[in-house]
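As structure tokens, the structure follows; a few thoughts come after it.
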Amino acid sequence: MKLPLSLSSSRRILFGLLAVLPTAAVMQTSLAADAKPTIPIIVKDTTSNYWQIVLAGARKAGKDLNVNVPELGAQSESDINGQISILENAVSENPAAIVISPTQKAALGKPIDEAAKKVKIIGIDSAADSKAFTSFLTTDNVQGGRIAADGLAAAITAKYGKAEGDVALITAIPGVGSLDERAKGFKEEIASKYPGLKLVADKVADGQATTGLNIMTDLITANPNLRGVFASNLIMAQGAGQAIAENKVADKIKLVGFDSDDKLIKLLTDGTIVALVVQDPYRMGYDGIKTALAASKGEKVETFVDTGANLITKENMNSPRSQELLNPKVK
């Protein structure tokens, strides 16, 4: 026959259980933290204002959805090998999914194919030669190019009475999917809707603002009848805008840029730039993480999402929607 436990023995057991409980609670909290999914976002250039907006959207999604979101990327859009290494390292950490904006269409195709064998890949902004994306969120860049052409034609018409005369195109880097599509849309719209506009120069730079400045300066010198230019990304618009300002030809040559930052907003405000085609990078970052989380859980997601583009001019730049796009909350 077993004797009942003594009071002192019961107390020792009770105290022992109480001592274990905090440890168990710590272990449970640790397991919960470990269960928090990790979804890195890899952008083209962590120093650029545009990509800072993308990262801000991703960061907010991480907070809202309880996701750990490492913010990764090279420090230049031309650092293709750097981005490939970052992607490979991210895959090796076994994340729940990865969000990436490929720096170069051809070069990132195979690395993305390889990465997608191990983890869900969500693409944003720019395409790659890969069919392995689970979902792709981007501006319809062909449509963005068409919007730029319409904006440029309207500005030339306002100045000269008709949409006619010489125009030029400046592209930042060769072989970038989004930029190639913008150029395609711009050229197609000019050819189909504005027969009076003649594309006299189609220049491709190296991603540096100083190159955009030099190209624009050369265009001004070599083409006395130039009436309009489309600079198809933020960096080229900065360089071209500086050249327009330095040469004091804003009244004669109408410049349309793509994307925005403080410099371009100032150039739009003072009339150096007549219009900006502005995307919604905050939405790309936020919805990229949201889509990646859903995909990592096996939920059905859209294979393609158009995040939109808007033409912002000096006349409409103070509207609520324009301000939302021009001045998103980065922090």
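General remarks:
- Candidates 283, 182, 321, ranked by Gaussian network fluctuation over the chain, Cα under 10 Å, top entry: 321
- Over the residues of the chain, the helix contribution to mean residue ellipticity at 222 nm works out to -16000 deg cm²/dmol, using -39500 (n - 2.57) for each DSSP H run of at least 4.
- In the elastic network of the chain, a GNM with C-alpha springs shorter than 10 Å, the most mobile of 215, 273, 41 is 215.
- Note on residue 110 and residue 297: their simple-model spin labels are 3.7 nm apart, each label 7 Å out from Cα toward Cβ.
- Paramagnetic label reach from residue 191 (point 7 Å along Cα→Cβ; backbone nitrogen cut-off under 14 Å): within segment 122-159, residues 146.
- Whole-Å distance, taken between Cα centres, linking segment 38-66 and segment 142-156: 29 Å
- Segment 212-275-segment 76-117 distance, computed between alpha-carbon centres (Å): 33 Å
- The fraction of accessible area contributed by carbon and sulfur in the chain is 54 percent, rounded to a whole number (1.4 Å probe; ligands and nucleic acids excluded).
- When exposed loop sites are taken as GluC sites (Glu not before Pro) in a DSSP loop with at most 14 other Cβ atoms within 10 Å, the longest stretch of the chain clear of them is 94-298.
- Listed residue pairs exceeding 26 Å between alpha carbons, taken from 117/297; 184/266; 63/314: 184/266; 63/314
- Summing charges over all other residues whose Cβ lies under 12 Å from the Cβ of residue 64, with Lys and Arg as +1 and Asp and Glu as -1, gives +3.
- In loop segments of segment 87-133 as defined by DSSP, the trypsin sites (Lys or Arg not before Pro) with at most 16 further C-beta atoms inside 10 Å of their C-beta are 117, 118, 131.
- The dipole here belongs to segment 61-176: it is taken about the Cα centre, uses +1 on the Cβ of Lys and Arg and -1 on the Cβ of Asp and Glu, and is about 240 debye.
- Gain in span if fully extended, residue 245 to residue 131, counting 0.36 nm per residue against the direct Cα distance: 36.7 nm
The values are calculated or read from the model by the stated rules, or taken from the named source; none is laboratory data. Small disclaimer: the values here were computed from a predicted structure and weren't measured. FYI the Cβ positions are ideal-geometry reconstructions off the backbone, even for glycines, and counts take in every protein chain you see. Note: areas computed on protein heavy atoms with side chains; ligands, DNA, RNA excluded. Shrake-Rupley method; radii C 1.70, N 1.55, O 1.52, S 1.80 Å.
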